[in-house]
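The values are calculated or read from the model by the stated rules, or taken from the named source; none is laboratory data. For clarity, every value in this text was computed on a predicted model and none was experimentally measured. Neighbour counts are summed over all protein chains in view; Cβ atoms, including those assigned to glycine, are modelled from backbone coordinates with ideal geometry.
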Amino acid sequence: MYDVTFPGGLGVDVAVGAQTVHTDQDGSAPSPYQLFLASSATCAGFYALRFCQERQIATDGLRVTMTHEPEKIAIAVTPPPGFPEKYRDALVRAVDQCKVKRAIAHPPAFETTIA
């Protein structure tokens with residue numbers, strides 16, 4: 001369960017397990033949409049990191065960047081120096097397994113009720 005609270009102003013917080021994620025529309029914290037985009041980028045980063053770790057490839061210099069437009073999210077993975085050429089396509093496939101990306105590609109049904 002994610003429990004949402006309202007700390008004041010335009011702030012909206014959510015409890016995620018034992019942690020609280022702060023959002024705000026006034027720039028003092030990421031907006032909910034910015035967190036959504038950040039979750040896409042960090043998910044891609046996690047899959048890139050794990051790909052390298054599982055193959056004992058050094059991750060120094062590994063980088064993931066993401067840009068977005070209304071109709072497109074673009075993720076760019078910069079492999080670390082010395083990254084084996086034979087793994088380039090496999091790294092792309094690994095990053096494409098990101099759970100956030102898959103949820104966007106095949107969205108779950110949303111249901112809103114009054115409790």
Output the qualifying pairs, or none if there are none: Cβ atoms under 8 angstrom, residues six or more apart or on different chains, first residue in the stretch 68-93 and in the same structural domain as Ala41 (by TED's automatic domain parsing) and part of a helix (DSSP H, G or I), second residue surrounded by 10 or more Cβ atoms within 10 Å (Cβ to Cβ) and of a type in the set (Gly, Ala, Ser).
Leu91/Ala48
Select, from Cys52, Cys98, the only residue that is of a type outside the set (Lys, Arg), in contact with a strand residue (DSSP E or B) (Cβ under 9 Å, 6 or more places away or on another chain), surrounded by 15 or more Cβ atoms within 10 Å (Cβ to Cβ) and at pLDDT 95 or above.
Cys98
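Give the stretch 89-115 a look and list any residue that's among the small types (Gly, Ala, Ser) and within 17 Å of the chain's Cα centre (by Cα), or say none. Spell out how you get there, then give the answer.
Residues of the stretch 89-115 among the small types (Gly, Ala, Ser): 90, 94, 103, 105, 109, 115.
Of everything in the stretch 89-115, those that are among the small types (Gly, Ala, Ser) and within 17 Å of the chain's Cα centre (by Cα) turn out to be Ala94, Ala103, Ala105.
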If the requirement is being of a type outside the set (Lys, Arg), under 30 Å from Gly9 (Cα atoms) and surrounded by fewer than 15 Cβ atoms within 10 Å (Cβ to Cβ), which of these qualifies: Pro80, Pro32?
Pro32
